[in-house]
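To start, the structure itself, in structure tokens.
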Amino acid sequence: MTRRILCLPGDGIGPEVMQEARRILDGLARNQSGHDAGMIGAIQVEEDVVGGAAIDIHGCPLTQDTLQRARDADAVLLGAVGGPQWDDLPFDQRPERGLLGLRKGLDLFANLRPAQVFSALADASTLKPELVNGLDIMIVRELTGGIYFGQPRGIEDLGDGRRRGINTLAYESDEVKRVARVAFDLARRRNKHLCSVDKANVLEATVLWREEVIRVHADYPDVALSHMYVDNAAMQLVRDPKQFDVIVTTNMFGDILSDAAAMLTGSLGMLPSASLGAPRDDGRRPGLYEPVHGSAPDIAGQGKANPLAMILSLAMALRYSLDARQAADKLEAAVARVLEQGARSADTARDGHPALTTSQIGSRILEELANG
């Protein structure tokens with residue numbers, strides 16, 4: 001069966017890091033003889049535009065044609081969106097609306113944000129190496145509900161120069177249950193511990209969250225479930241991060257905690273992410289895979305971008321959407337070996353390690369894949 005992959009390089013450093021992911025994808029699809037009989041079988045790769053690049057060509061950040069191509073794909077790889085040249089556009093026309101449109105249009109409700117510290121980069125974290133060395137956390141963030149989407153919302157004019165801003169935190173039981181199942185399934189394949197983060201002491205919406213997670217737990221008796229208030233979870237992430245395995249939480253709490261966990265690793269340039277929808281009839285799960293680092297327009301076009309977050313996002317796509325776990329394992333192992341050998345990009349270079357360019361990092365990964 002041919003797997004369809006849609007690549008959306010986007011803006012800023014997006015095209016640079018996507019180029020390296022494409023090179024590696026091509027390498028995985030070929031054996032040493034150069035034939036299409038590699039670890040991931042037959043693939044069909046397409047490319048399109050999104051974000052600022054789409055605005056410049058089509059006048060909008062996401063066209064309906066691009067969205068349909070994303071729906072037809074088995075996995076979507078996204079580089080990054082955004083840049084200062086589009087900051088003056090109306091809010092609903094900015095590049096970031098293209099990303100939100102993809103998430104909504106594909107019904108991607110579960111955001112997976114791993115925070116993994118490779119041993120070779122343990123000293124890059126601002127925390128003590130002994131606290132983060134070997135860290136491997138997965139944060140599962142509910143992506144399509146909560147306070148970011150609840151109604152009513154807006155800004156009201158109260159008169160006399162006074163205004164009021166309104167946002168509504170709301171969850172329905174089905175929204176909680178489906179993301180909880182994703183988190184329990186992940187925990188079952190990892191270390192069998194799930195921590196659900198809420199604020200059930202003051203927010204009724206997260207009282208419901210906790211109750212529904214407990215109900216889902218009945219189907220996963222082999223997974224240990226714990227609960228933690230979000231303020232304590234933020235503190236524990238910097239006090240003793242290795243106590244966590246899988247964390248599941250609401251849209252807003254996940255947004256905040258995943259960025260806090262990201263800095264435990266020392267560089268946003270190392271962090272991939274996945275946004276998943278419901279499994280299809282054939283058992284495959286569509287997903288959008290992107291690095292966490294954003295478009296970084298200040299270094300775009302200079303060869304300074306770290307492509308590893310994009311490459312590790314490809315590994316997540318192989319694992320969760322493309323039914324190629326062996327290839328995902330091999331790719332992640334190649335990244336670890338390259339780092340152990342001292343390869344560093346500009347954001348992680350220190351202690352005498354020279355900074356390699358974006359393409360040089362990609363070439364080192366390709367060499368390891370060929371030798372492995």
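The values are calculated or read from the model by the stated rules, or taken from the named source; none is laboratory data. Remember, predicted model here, so these are calculated numbers, not experimental data. Please note: Cβ atoms are built from the backbone with ideal geometry, for glycine as well, and neighbour counts cover all protein chains shown. Side chains included, ligands, DNA and RNA excluded: accessible areas come from the protein's heavy atoms. Shrake-Rupley method; radii C 1.70, N 1.55, O 1.52, S 1.80 Å.
Brief remarks on what is shown
- Pairs linking a residue in the stretch 231-246 that is under 11 Å from ALA260 (Cα atoms) to a residue that is open to solvent by less than 60 Å² (accessible area, probe 1.4 Å) and of a type in the set (Val, Ile, Thr), with Cβ atoms under 7 Å and 6 or more positions apart or on different chains, are ALA233/VAL197; PRO241/VAL132; PRO241/ILE137.
- Any hit, the stretch 81-89, residues being within 18 Å of the chain's Cα centre (by Cα) and open to solvent by 10 Å² or more (accessible area, probe 1.4 Å): yes
- Within the stretch 262-281, residues that are of a type in the set (Lys, Arg) have Cβ atoms under 7 Å from residues that are part of a loop (DSSP other than H, G, I, E, B) and modelled with pLDDT of 85 or more in these pairs: ARG280/PRO286, counting only partners at least 6 apart in sequence or on another chain.
- One residue alone among LEU106, LEU100 is open to solvent by 10 Å² or more (accessible area, probe 1.4 Å), within 30 Å of ALA324 (Cβ to Cβ) and without any contact (Cβ under 8 Å) to a residue 12 or more places away in the chain, and that residue is LEU100.
- Subset of the stretch 283-324 [within 16 Å of GLU20 (Cα to Cα), open to solvent by 30 Å² or more (accessible area, probe 1.4 Å) and either of a type outside the set (A, V, I, L, M) or part of a helix (DSSP H, G or I) (or both)]: HIS293, GLY301, GLN302, LYS304
- Here the stretch 135-169 is the region considered, the condition is being open to solvent by less than 50 Å² (accessible area, probe 1.4 Å) and in a loop (DSSP other than H, G, I, E, B), and the residue that is nearest to ALA110 (Cα to Cα) is LEU143.
- Filter result for GLN44 (part of a strand (DSSP E or B) and among the polar types (S, T, N, Q)): yes
- The lone exception for ARG210 - which of (1) in contact with a strand residue (DSSP E or B) (Cβ under 6 Å, 6 or more places away or on another chain); (2) open to solvent by less than 50 Å² (accessible area, probe 1.4 Å) it fails: (2)
- Qualifying residue in the stretch 218-238 (condition: modelled with pLDDT of 95 or more, open to solvent by less than 50 Å² (accessible area, probe 1.4 Å), of a type in the set (S, T, N, Q) and out of contact with any helix residue (DSSP H, G or I) (no Cβ under 7 Å at 6 or more places or on another chain)): yes
- Hits in the stretch 325-338 - residues which are open to solvent by less than 10 Å² (accessible area, probe 1.4 Å) and more than 16 Å from PRO272 (Cα to Cα): ALA327, VAL338
- Hits in the stretch 174-207 (condition: open to solvent by 60 Å² or more (accessible area, probe 1.4 Å), farther than 20 Å from ASN232 by Cβ and free of Cβ contacts under 8 Å to residues at least 60 places away in the same chain): ASP174, LYS177, ARG181, ARG188, ARG189, ARG190, ASN191, LYS192
- Test set (1) more than 29 Å from ASN111 (Cα to Cα); (2) touching a strand residue (DSSP E or B) at 6+ places or on another chain (Cβ under 6 Å); (3) not small (Gly, Ala, Ser) - THR357 fails condition number: (2)
- Being of a type outside the set (Ser, Thr, Tyr), at pLDDT below 95, outside any helix (DSSP H, G or I) and touching a helix residue (DSSP H, G or I) at 6+ places or on another chain (Cβ under 9 Å) is a property that does not hold for ARG280.
- Failed condition for LEU62, given (1) under 25 Å from GLU332 (Cβ atoms); (2) at pLDDT 95 or above: (1)
- Residues located in the stretch 325-354, provided they are touching a strand residue (DSSP E or B) at 6+ places or on another chain (Cβ under 8 Å) and either within 23 Å of VAL140 (Cβ to Cβ) or of a type outside the set (D, E, K, R) (or both): SER345, ALA346, ALA349, HIS353, PRO354
- Considering GLY83, GLY105, GLY79, the condition of being modelled with pLDDT under 95 and small (Gly, Ala, Ser) is satisfied by GLY105 alone.
- Taken over the stretch 323-339, the criterion of being within 25 Å of ILE13 (Cα to Cα), touching a residue at least 24 places away in the same chain (Cβ under 8 Å) and not β-branched (Val, Ile, Thr) is satisfied by LEU331, ALA333, ALA334, ALA336, ARG337, LEU339.
- Residue list for the stretch 47-70, restricted to those being in a helix (DSSP H, G or I) and either exposed (fewer than 15 other Cβ atoms within 10 Å of the Cβ) or free of Cβ contacts under 8 Å to residues at least 40 places away in the same chain (or both): ASP56, ILE57, HIS58, GLN64, ASP65, LEU67, GLN68
- Residues (polar (S, T, N, Q) and outside any helix (DSSP H, G or I)) located in the stretch 118-134: SER125, THR126, ASN133
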